[in-house]
Amino acid sequence: MRIVFVGCGFVADHYARTLPLHPELAVAGVFDRDPERARRFASHHSLPVYPALDEVLRDPRVSIVLNLASPGAHFEISRASLEAGKHVYSEKPLALELARARELVELAERLDLRIACAPCSLLGETAQTVWKALRADRVGRVRAVYAEMDDGLLHRMRYDRWVSESGTPWPWRSEFETGCTLEHAAYQVSWLAAFFGPASRVSAFASVQVPEKGAGEALAASAPDFSVACIQFASGVVARLTCSILAPQDHSLRIIGDEGVLRVPDTWHYRSPVLLQRWVTIRRRTLLSPWARRISLEGRSNPRIPRRGPSQMDYLRGVEELAGAIREGRPSRLSERFCLHVNEVVLAIHHATEKGDSREIASRFDPIEPMPWAL
């Protein structure tokens, strides 16, 4: 199944790096609105270049458009791709506005096409192992979840020197103007929605703590650099999610049940350990055992994921999943309605104010199937 990269910026190298893990995906070519960036990326990865987006959309060989443009361009590129009869896999978020994300999903359904959205870390070994442990009732009834998505003190770092392997600088302006919640909260939200079903309400607080972080230059928008949300799921589970670029890097997850706690040190690592700790009662107190049992990871036969930077993720696994769903005529595990739901939850957190905000979540999705190797 042939795919095309639309957008050759910083994140595109993360996707291209895992191409050798997916021989069933063939790259027809790449396109970027900046011809020099497209040329540099294509040269580094030995891929052909399309001179215009229209030529991408007219090419009958292309089945899936991999939309890796900046967040503000996601909607227009995805809509044009669907209207041209192409399936779409988009970087997060689907759209910056819920109405536009819903428009994309409804357009795909009307045209009998598929649209899926990053992140795909739900399909990784660690997430699937946690999910299997939950289905096996390893911690009993789940009462609460504590999730972290902190990325360090970014405004104090030399991010102006960060360059991708093909030579593209980290897009600090776009990252800061989009905000850490829209950029990263979906990593945790997608896991929780898959594990516990749709969220029913989000109560959140968001704040801009460092407005001057734009390398001495004014930013066009002041997106929150800190947010905290309490997410209520229709199943009864509640979760607290913190997202920031102010606190030390922490991508951990704790799922707290009546019989114990499941803990993941790093949800950005596809093979991060999954640790199980049991509650023990000593005299009149119930405490968490200091001894953690490491649960064997459910696994695939893929070689180790190439790592460069803070994460070890197979970015193309979501594209592989989408291609497999199209080929086999089955629902994608990153279905349109699931991605819309994640987008709605993240937007509810992102748009919260310093006075706090509480919103009902309207979107719903059908239950997701685990990966076949994790049943």
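Under 9 Å by Cβ, and 6 or more places apart or on different chains, what pairs join a residue from the stretch 1-25 that is within 21 Å of Arg161 (Cα to Cα) and of a type in the set (Asp, Glu) with one that is surrounded by 24 or more Cβ atoms within 10 Å (Cβ to Cβ) and at pLDDT 95 or above?
Pairs found: Asp13/Phe41.
From the list Ser222, Ser227, which one is surrounded by fewer than 18 Cβ atoms within 10 Å (Cβ to Cβ) and either among the hydrophobic types (A, V, I, L, M, F, W, C) or in contact (Cβ under 8 Å) with a residue 12 or more places away in the chain (or both)?
Ser222 is the lone residue from the list that is surrounded by fewer than 18 Cβ atoms within 10 Å (Cβ to Cβ) and either among the hydrophobic types (A, V, I, L, M, F, W, C) or in contact (Cβ under 8 Å) with a residue 12 or more places away in the chain (or both).
Specify which of the listed residues (Arg263, Arg278) is under 30 Å from Leu153 (Cα atoms), modelled with pLDDT of 95 or more and assigned to a strand (DSSP E or B).
Result: Arg263 is the single residue among Arg263, Arg278 that is under 30 Å from Leu153 (Cα atoms), modelled with pLDDT of 95 or more and assigned to a strand (DSSP E or B).
Given the criterion surrounded by 22 or more Cβ atoms within 10 Å (Cβ to Cβ) and either outside any helix (DSSP H, G or I) or at pLDDT below 95 (or both), identify the matching residue among Val56, Val65.
Only one candidate passes the filter, namely Val65.
When the stretch 282-301 is examined, which residues are found to be in contact (Cβ under 8 Å) with a residue 40 or more places away in the chain and out of contact with any strand residue (DSSP E or B) (no Cβ under 6 Å at 6 or more places or on another chain)?
Answer for the stretch 282-301, where residues must be in contact (Cβ under 8 Å) with a residue 40 or more places away in the chain and out of contact with any strand residue (DSSP E or B) (no Cβ under 6 Å at 6 or more places or on another chain): Ser296, Leu297, Glu298, Gly299, Arg300.
Cβ contacts < 8 Å: first residue assigned by TED's automatic domain parsing to the domain that holds Thr18 and of a type in the set (Lys, Arg), restricted to the stretch 156-174; second residue in a loop (DSSP other than H, G, I, E, B) and loosely packed, with under 13 Cβ neighbours inside 10 Å, any location; separation 6+ or different chain. Result?
From residues that are assigned by TED's automatic domain parsing to the domain that holds Thr18 and of a type in the set (Lys, Arg), there are no pairs.
Being over 20 Å from Ile77 (Cα atoms) and surrounded by fewer than 24 Cβ atoms within 10 Å (Cβ to Cβ): is that true of Pro20 here?
Yes.
Give the stretch 170-205 a look and list any residue that's over 19 Å from the mean Cα position of the chain (by Cα) and either at pLDDT below 95 or surrounded by 23 or more Cβ atoms within 10 Å (Cβ to Cβ) (or both), or say none.
If the condition is that a residue be over 19 Å from the mean Cα position of the chain (by Cα) and either at pLDDT below 95 or surrounded by 23 or more Cβ atoms within 10 Å (Cβ to Cβ) (or both), then Arg173, Ala204 are the ones that fit.
Residues in the stretch 257-277 that are surrounded by 15 or more Cβ atoms within 10 Å (Cβ to Cβ) and of a type in the set (D, E, K, R): how many?
3
The values are calculated or read from the model by the stated rules, or taken from the named source; none is laboratory data. Given the structure is predicted, the values throughout are model-derived calculations rather than measurements. Cβ atoms come from the backbone with ideal geometry, glycine included; neighbour counts cover every protein chain shown.
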